[in-house]
1. Considering only the stretch 231-245, how many residues are away from the ligand (no atom under 16 Å from the Cβ) and in a loop (DSSP other than H, G, I, E, B)?
2. Tell me the residue from 272, 324 that is assigned to a helix (DSSP H, G or I) and either out of contact with any strand residue (DSSP E or B) (no Cβ under 8 Å at 6 or more places or on another chain) or within 16 Å of the ligand (Cβ to nearest atom) (or both), please.
3. Scan the stretch 25-63 for residues that are assigned to a strand (DSSP E or B) and surrounded by fewer than 16 Cβ atoms within 10 Å (Cβ to Cβ) and jot them down.
4. Please go through the stretch 429-463 and give me each residue that is surrounded by fewer than 16 Cβ atoms within 10 Å (Cβ to Cβ) and part of a loop (DSSP other than H, G, I, E, B), ordered by number.
5. Looking only at the stretch 210-230, count how many residues are closer than 17 Å to residue 196 by Cα, part of a helix (DSSP H, G or I) and more than 16 Å from the ligand (Cβ to nearest atom).
6. If we only count strands (runs of 3 or more DSSP E) wholly inside the stretch 83-173, which ones have 2 or more residues that are within 24 Å of residue 439 (Cβ to Cβ)?
7. Can you tell me which residues in the stretch 167-204 are over 17 Å from residue 293 (Cβ atoms), in contact with a helix residue (DSSP H, G or I) (Cβ under 7 Å, 6 or more places away or on another chain) and more than 16 Å from the ligand (Cβ to nearest atom)?
8. When the residues of the stretch 331-367 are narrowed to those that are in contact with a helix residue (DSSP H, G or I) (Cβ under 9 Å, 6 or more places away or on another chain) and under 19 Å from residue 99 (Cα atoms), which ends up farthest from the ligand (Cβ to nearest atom)?
Ligand SMILES: [Zn+2]
């Protein structure tokens with residue numbers, strides 16, 4: 001499809017463009033912030049961008065990041081919307097979904113209003129929210145949840161562990177509401193009792209260093225909770241996204257569930273693909289820098305996760321960006337003698353997510369360009385209802401990341417643009433680098449500088465998740481729905 005000469009604001013020429021129909025050396029014509037034409041020899045535009053020798057990928061969609069949020073342990077994230085989305089843009093990500101995290105006793109509508117205001121002022125890239133629920137007994141909960149879903153907040157987060165966990169009946173109630181109103185339920189799925197018992201036993205035995213964080217989250221905790229959430233999804237026919245899968249057994253459970261038609265999807269994160277629990281084994285409290293939940297696992301798990309991405313058990317790779325400084329404001333808030341259970345969990349990941357995957361999938365050939373685009377942009381956009389995002393196709397927002405495959409980087413001690421102060425990937429050498437980023441047709445990263453201003457990002461109203469009603473619920477749920 002071609003348009004007339006004056007209609008393009010920008011044309012990118014000569015890049016290897018990764019579209020839903022495959023890879024082609026074509027031009028991309030941009031008008032009014034959208035992709036207006038794809039093809040050879042497009043007419044001249046007022047701004048021409050030379051993409052020769054570059055890969056043109058859809059701008060990254062990171063559907064799991066914690067921004068300006070209080071942790072379950074009461075520690076505030078190091079990043080504001082301004083700093084987190086600066087970091088996202090520099091790493092080639094143009095849309096993020098972070099959390100509107102309900103404090104206990106807080107009305108859900110108040111939670112959302114608070115986060116929305118801060119994001120509106122600070123976010124440099126486009127953004128949406130998961131409704132993160134800690135207290136479904138609060139006043140007005142059912143009303144607020146239905147209203148917020150209808151207003152375009154189409155995903156909900158629940159926990160099976162931590163103090164903010166819901167019990168099984170509460171999770172089923174949330175799933176029933178999500179099914180009714182058309183939302184996706186995202187779950188942090190680890191068994192609370194298995195973690196609690198193991199943690200206390202480790203501490204009693206004097207095993208308190210950061211490296212014992214890994215055994216304190218037994219793989220069986222993931223196995224049990226993933227299995228239970230799959231059963232709930234099957235019973236309720238509610239679409240469920242299983243967050244941050246870390247184990248081979250988790251991959252197997254998801255594959256088997258999907259084979260029998262259960263509406264479950266799953267993500268993993270770079271720290272499970274490229275790190276093992278050995279990262280935590282450092283002198284003193286240094287290992288705290290790599291602590292996250294679930295913890296990194298083994299090389300065999302890494303292989304299973306890659307295999308799961310190849311064969312449709314793992315749908316996407318998010319960052320789970322959870323930023324805490326390595327000082328008393330963050331990781332060391334309980335002082336220099338803290339045991340592992342007193343240290344905030346999480347790694348910064350918004351910026352390194354795409355470069356790490358580009359190196360693995362493009363430079364090392366582990367999957368190739370179409371898988372890269374799918375795992376990092378098009379699948380998250382589709383599963384979370386971001387209809388204008390994630391693909392280089394006519395009519396979509398012109399969110400484009402241009403990659404130079406010839407460039408190379410070695411991560412340094414503190415070279416990310418977030419506010420964390422350390423780079424957990426220090427020393428990692430990568431082939432390929434972000435060359436330029438466009439969001440809705442505007443250049444937002446060029447020559448290593450971010451041009452996007454705080455407030456430039458738009459909130460993204462999401463449409464009903466398309467998969468909601470395709471599965472059949474258990475007879476008991478059908479009986480209830482028939483009686484409504
Ligand atoms: Zn998370």
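Coordinate-derived values only; no laboratory data. Keep in mind it's a predicted model, so treat the numbers as computed, not measured. Note that we place each Cβ from the backbone using ideal geometry, even for glycine, and neighbour counts take in every protein chain shown.
1. Filtering the stretch 231-245 for residues away from the ligand (no atom under 16 Å from the Cβ) gives 231-239.
Checking which are in a loop (DSSP other than H, G, I, E, B) leaves us with 237-239.
The qualifying residues number 3.
2. Numbers: 324 fails: assigned to a helix (DSSP H, G or I).
After ruling out the rest, the residue left standing is 272.
3. 25, 39, 47, 48, 50 - these are the residues of the stretch 25-63 that are assigned to a strand (DSSP E or B) and surrounded by fewer than 16 Cβ atoms within 10 Å (Cβ to Cβ).
4. 447, 448, 451, 453, 455, 461, 463
5. 10
6. Details: elements: 93-101, 126-132, 155-159.
Per the criteria, 93-101, 126-132.
7. 171, 172, 175, 176, 177, 179, 181, 182, 183
8. Here is the first cut: in the stretch 331-367, the ones in contact with a helix residue (DSSP H, G or I) (Cβ under 9 Å, 6 or more places away or on another chain) are 331-335, 338-341, 343-345, 347-354, 356-358, 360-362, 366-367.
Pick out the ones that are also under 19 Å from residue 99 (Cα atoms) and you get 344-345, 347-351, 353.
Numbers: 344: 12, 345: 9, 347: 10, 348: 12, 349: 10, 350: 12, 351: 16, 353: 13 Å.
Result: 351.
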